[in-house]
Amino acid sequence: MSTAPIYSAFAAGLLAPAAPVPAGLASVSAAPPLRRYGVYRNNVGHSLVAALESRFPVARRIVGEAFFSALAQAYVLSEPPRSPVLMFYGDTFGAFVAGFPPAEGVPYLADVLRLEAARGHAYHAADAAPLDPAPLASLLPERLAALRLVPHPALQLLSSPHPVHTIWAMNREGETPRPIADWLPEAVAISRPGLVVAVNPLPPGVFAFLSALKAGDPLGAAAGAGMAADARFDLQGAFGLLLAGGFFAGIASDTRDF
C-alpha cells in the first residue's frame, strides 16, 4: 500500500494546529502519538518564524519581538513555504501584512517588508559587471536616445506612499529611530554592483526614468517618463546615478550597433 497519503497528511497537519494526528500514525503503545507529533509541529513553526525574523530584522525592530512573532505565525499558517529552500520565504509577507487587520496601525510596515525582501533578492542575484559608459561617450544624441539597457540582475525598484527609506534606514541595527518631520512618499533603487547591497533613495523623476529603462523602454522614452513624473528631473544627474549605482549591466543586443 502506498504511504504517500500518510506523508501528505503528516506534512499538512504540521501547519494546522487544531488538526488531529494524521490517520495511520501510531506509537509503541498503539495510541495516537499526540505529544510526539506536537513536537514536530512546534519545531516546524518555530523554524519558519525564525527564518522570517532573520530575513526581516528591521520590520521586527519596528513592531517589537512579540508583535512580529504573532505576525509571522499568522503568515506561516496562511502561506506556508512552497519550497524546501527558505532563502526567499517571505516574499509575499508585505502583501500579507498590508491586508492583515492587526497591522493597520503600522501602515508603512508592508513596504518596509517589501524593501527587506528586495534586499534579499539583490544579495542573492547573479554577479554581473556594471555598464561600461565608455561605448556611450561617442554616440550621437539620436543614437543614444534609441538605446535600451540591460538591468543588472540585482536591480530592484520600490516606491511607497510612506518615507520607506527613512524608516528603514533609522531602524537598522545600531541606528536610533527619530520623529520624521516631513512624511513624504519615497522611492528606492536597490543594487549590488559588487559585494555589498546598497539602498539608494530616488527622486520621483529618477524612479520613473529607471522604471522605464528596467521595463525595456529606450533611453529617450525613459527620459520622457522622468520629466513627466517630475518637472525638476535632471537627465544628466539621473544618468550619472545610474552609472554610479551599477543599476544596469549592458546594452540590449538589438540596439547595440557600434
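Bear in mind that the values in this text are calculations on the coordinates, not laboratory data. If you're wondering where the values come from, they're calculated on a predicted model, not measured in any experiment. With ideal geometry, Cβ positions are generated from the backbone for all residues, glycine too; neighbour counts draw on all protein chains shown.
Structure data summary
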quantity	calculated
Under the Karplus curve 6.51 cos²θ - 1.76 cosθ + 1.60, θ = phi - 60°, whole-Hz ³J(HN,Hα) for the range 67-73, x wherever Gly or Pro sits	5, 5, 4, 5, 4, 5, 5
Nearest-0.05 FRET efficiency for Ala146 and Leu184, computed from C-beta distance (R0 51 Å)	0.90
Burial order of peptide ranges 214-223, 101-110 (average beta-carbon count within 10 Å, highest first)	214-223, 101-110
Estimated vicinal HN-Hα couplings, Hz - the range 131-137 in sequence order (Karplus 6.51, -1.76, 1.60; Gly, Pro = x)	4, 8, x, 4, x, 7, 5
5 angstrom amide H check on Ala189, placed H, neighbours 5+ away	Asn200, Leu202
Distance cut-off 20 Å, percentage of C-alpha pairs in the range 101-178 lying past it	55 percent
Amide H within-cut-off set for Ala249, under 5 Å, with H built and near neighbours excluded	Leu131, Val150, His152
Highest to lowest packing among 52-63, 119-130, scored as the average C-beta count within 10 Å	52-63, 119-130
At q = 0.12, 0.19 Å⁻¹, base-10 log of I(q)/I(0) for the range 129-258 (Debye sum, equal scatterers on each alpha carbon)	-0.49, -1.07
